[in-house]
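What follows is a short report on a single structure.
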Amino acid sequence: LSERNTVQKQIILDVLKSFNTHPSVDELYAEIFKVHPSISKATIYRNVKQLADKGEILQLAVPNDVSRYDGCTDFHHHFVCDSCGGVFDVHADCIDATKEVFSLIQNKHGFKVDRSMTSFFGACSTCAESS
Ligand SMILES: [Zn+2]
Ligand SMILES: [Zn+2]
């Protein structure tokens, strides 16, 4: 049984990493079902929770939405589009700016910040263009 669990967990992890849209369990299930119809939604729920607890994936806190998961655990932020509900990665210069905030917080409060997960909200490039 434990070997089967390991295989299932790896399948779920691989499928999650193939997304760049931060899928919910429903979206993961739909994708996994195409290739592995024997894996139940309950199994996926259980495994993503375990993977998130172990820090192998990220669970994103998106207000007023179901939990979404991220296979990329590198330090990055997210942008949530109010119009289409898309969740996009924010990388590059925005990350350096956040690290400056870490120092500001340490100087002001003495807290040693080692990570953060920030969500920005607004209209994604596609929705901004069509409005
Ligand atoms: Zn959008
Ligand atoms: Zn992400």
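Kindly indicate which of S130, S83, S125 is in contact (Cβ under 8 Å) with a residue 12 or more places away in the chain, within 16 Å of ligand 1 (Cβ to nearest atom) and of a type in the set (G, A, S). Full working, then the answer.
Values: S130 fails: in contact (Cβ under 8 Å) with a residue 12 or more places away in the chain; S125 fails: in contact (Cβ under 8 Å) with a residue 12 or more places away in the chain.
That would be S83, the only listed residue that is in contact (Cβ under 8 Å) with a residue 12 or more places away in the chain, within 16 Å of ligand 1 (Cβ to nearest atom) and of a type in the set (G, A, S).
Residues of region 10-31 that are open to solvent by 50 Å² or more (accessible area, probe 1.4 Å) and part of a helix (DSSP H, G or I): Q10, D14, K17, S18, D26, E27, Y29, A30, E31. If you go through region 70-91 and keep only what is more than 9 Å from ligand 2 (Cβ to nearest atom) and more than 17 Å from R115 (Cβ to Cβ), you end up with F79, V80, C81, D82, S83, C84, G85, G86.
When the residues of region 89-106 are filtered to those that are open to solvent by 90 Å² or more (accessible area, probe 1.4 Å) and more than 21 Å from the chain's Cα centre (by Cα), which remaining residue is farthest from R68 (Cα to Cα)? Taking the candidates together, the pick is L104.
Does A97 qualify as being away from ligand 1 (no atom under 16 Å from the Cβ), under 17 Å from K17 (Cβ atoms) and in a helix (DSSP H, G or I)? It would help to see each step written out before you state the result.
Numbers: away from ligand 1 (no atom under 16 Å from the Cβ): yes; under 17 Å from K17 (Cβ atoms): no; in a helix (DSSP H, G or I): yes.
For A97, the condition - away from ligand 1 (no atom under 16 Å from the Cβ), under 17 Å from K17 (Cβ atoms) and in a helix (DSSP H, G or I) - is not met.
Filtering region 49-71 to residues that are within 11 Å of the chain's Cα centre (by Cα), at pLDDT 90 or above and of a type in the set (A, V, I, L, M, F, W, C) leaves A52, I57, L58. Residues that are within 15 Å of ligand 2 (Cβ to nearest atom) and aromatic (F, W, Y) within region 10-52 comprise just one, F19.
For region 40-88, no strands (runs of 3 or more DSSP E) sit wholly inside it while including 3 or more residues that are open to solvent by less than 40 Å² (accessible area, probe 1.4 Å) and under 19 Å from Q8 (Cβ atoms). Restricting I44, I57, I95, I105 to those that are in contact (Cβ under 8 Å) with a residue 40 or more places away in the chain and β-branched (V, I, T) reduces the list to I57. If I ask for residues that are open to solvent by less than 90 Å² (accessible area, probe 1.4 Å) and away from ligand 2 (no atom under 16 Å from the Cβ), which ones from region 107-124 would you list? Of everything in region 107-124, those that are open to solvent by less than 90 Å² (accessible area, probe 1.4 Å) and away from ligand 2 (no atom under 16 Å from the Cβ) turn out to be G110, V113, G122, A123.
The values are calculated or read from the model by the stated rules, or taken from the named source; none is laboratory data. Bear in mind that the values here come from a model prediction, so they are computed numbers and not experimental data. For neighbour counting, all protein chains shown are included, and Cβ atoms are generated from backbone atoms with ideal geometry for every residue, glycine included. Each accessible area value is taken on the protein alone, full model and side chains, heavy atoms only, with ligands, DNA and RNA left out. Shrake-Rupley method; radii C 1.70, N 1.55, O 1.52, S 1.80 Å.
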